[in-house]
Amino acid sequence: MSAEGQLEQGRVAKLEADTSAAIGEINAQQLEREAESRKDASKIEVERISKQEKIETGQAIAKFGKSGISLGTGTPISVLADMAESFAMDKALTARQGLIDSQRLGQAAAIERLQGRFTKKAGSAAQKSAILGASSTALGAASKLYGSKNA
């Protein structure tokens, strides 16, 4: 291969690597936005569950009051406690899942970035290698030319 061909091959390798790294950065940024979105969505869902808890608890208290059942002891307290426990578990699980999703997406973003950096370095290395190869080819050609003139 000619020195010019080797240089062109190196330029193309670097350009491909730079493009791949840029795409990796864009993907990483998208994953980070999605991670934030998941975290925000889980907070909104926890708020929705809290509002639903207040509504259902109020309805239960109203039903007990309408029936003439005292709220201070026995079954009403047990029912309200079970409801509170169930809603607390729903809120905790929702928040936990949002956190897990957010962390998973954040890790995927970090991997995308690292892959992009690695690809970019590999492209630079390929270009340097092509420059060295082209230099070697040019020096070899010059040496043959010089040798044939002196022979």
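Hey, fewest Cβ within 10 Å first, where do V12, V46 land in order?
V12, V46
Could you bin all the Cα-Cα distances of region 29-77 into 10 Å bins starting at 0 and give me the percent of pairs in each, rounded to whole numbers?
Bin by bin from 0 Å, the calculated values are 23, 27, 19, 15, 11, 4.
Measure off 7 Å from each Cα along the Cα-to-Cβ vector at S70 and K128, then give the distance between these two points in nanometres to one decimal.
Taking the simple label geometry, S70 and K128 are separated by 8.5 nm.
Using only Cα atoms, find the angle between the long axis of helix 3-67 and the longest principal axis of the chain, and express it within 0 to 90 degrees, rounded to the nearest 10.
0
Run the numbers on the chain and let me know its relative contact order in percent, using alpha-carbon pairs under 8 Å that are six or more apart. Don't skip to the end; give the middle numbers.
Details: 128 pairs, mean separation 81.9, N = 151.
That works out to 54 percent.
How tilted is helix 75-150 with respect to the longest principal axis of the chain? Cα atoms for both, answer in degrees (0 to 90, nearest 10).
0
Among Q30, A109, S124, which residue has its Cα positioned farthest towards the positive end of the charge dipole of region 13-151, with +1 placed on the Cβ of Lys and Arg, -1 on the Cβ of Asp and Glu, and the dipole taken about the Cα centre?
The listed residue farthest towards the positive side: S124.
Student exercise: in region 1-81, how many lysine pairs 8 or more apart or on different chains have Cα atoms under 25 Å apart?
Eligible lysine pairs with Cα atoms under 25 Å apart amount to 8.
No value in this document is a laboratory result; all are computed from the given coordinates. Keep in mind the model is a prediction, meaning the values are calculated, not measured. Virtual Cβ from ideal backbone geometry, glycine too; neighbours counted across all protein chains shown.
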